[in-house]
Amino acid sequence: MTRPRKALISLEVTPYYHVTSRCVRRAYLCGVDHYSGQSYEHRRQWVVDRIRLLSSLFAIDVCAYAVMSNHYHLVLKLCPEQHEGLSDDEIMDRWCALFKGPLLIQRYRDGEDLKPLERDTVSDIVKVWRTKLASISWFMRCLNQPIARQANQEDKCTGKFWESRFTSQALKSEEALLSCMAYVDLNPVRAGIAERPETSHHTSIRERLKSEFDLQQAVVDQASCGDLFNFNTPLKPLLPFENRVVNESQSGILFSFEEYLALVDWTGRIIRSDKRGHIDNALPPILARLQISPDQWHINTTQFEAIHPKRFNRIASQLNTG
């Protein structure tokens, strides 16, 4: 039975989520059309640009992403605390980078004197916007709708671009988070369109290793098609890795980036057709610390979407009751 989105996304359960969106009929609308031979590869950069800009405006961090020919994966972290210290004016700046807002807000931003009741209304509107700017549903709406509109305009057609709204999976344990990130980063390798993670374009691991993101060009491109009115917010980096655990509040991914790279590299080698099932003797120690066997890790990162509902939900339940 289909469950409401509010039952699937809850900060009380976990701030981490694996989100997927697929093109209608899984057509290669962001790749090379096998029938016509026409290339739509440039649309992948549309998705990457939009992801990075939206993350900077929203209280949502990006842990990993991979933009494929007919779908994309995101690993997101909800961080509503990022907006707790922002003023109402700062929230308005972020929201109005994407939407014009009602006339009352426009009058306020133009410096007009408002009556007390009108000011109260402005405060109420901003309160709603503050909540929406920490919502995965609104993040995905602001990501998917402009891409669909732009693609349809380019194709001179109408109709659905995305197969459905989007799917989300709660990542309730460190094992689930790490497995999902590796699964996402290795998607192009598994699909045979990249030989190594460092050559996997339009992925987070490629960006972490060699960032080629052009903020100025991304803003110009988004503004030219009417999907961005301004961008006065500092560009937010991908969620960083924490090299060590300390007795202070930590917001990053609690693993060493060097160890994660070694883990992804090792995993990428074992899932090649000529290496499948082979366990390298130089197993990264992070698996031992997490008490994950090499065989289980191999299953996790090659069949993540298939095993997630049973395996990782069960692990989370055991942790909550232990």
Using a 1.4 angstrom probe on heavy atoms only, work out the carbon and sulfur share of the accessible area of the stretch 79-230 in %. 48
Which order do the peptides 57-69, 32-44 take when ranked by the mean count of other beta-carbon atoms within 10 Å per residue, highest first? 57-69, 32-44
Quick calc: nm separation of the 7 Å Cα→Cβ label points for Lys115 and Gln291 -> 6.5
In whole Hz, the Karplus estimates of ³J(HN,Hα) for the stretch 184-193 (6.51, -1.76, 1.60; θ = phi - 60°; x where Gly or Pro) are 5, 5, 9, 3, x, 5, 5, 7, x, 9
Flagged links, alpha-carbon separation over 30 Å, of Lys132/Lys210; Lys77/Lys100; Lys160/Lys210; Lys77/Lys156; Lys77/Lys115: Lys132/Lys210; Lys160/Lys210; Lys77/Lys156; Lys77/Lys115
Residues listed by number, the stretch 17-34, amide nitrogen under 19 Å from Glu81 label point at 7 Å toward C-beta: 17
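The values are calculated or read from the model by the stated rules, or taken from the named source; none is laboratory data. This is a predicted model, so every value here is computed, not measured. So basically every Cβ, Gly included, is an ideal-geometry build from the backbone, and we count neighbours across all protein chains shown. Ligands, DNA and RNA are stripped out before the accessible areas are found, and what is left, the full protein with its side chains, is counted by its heavy atoms. Shrake-Rupley method; radii C 1.70, N 1.55, O 1.52, S 1.80 Å.
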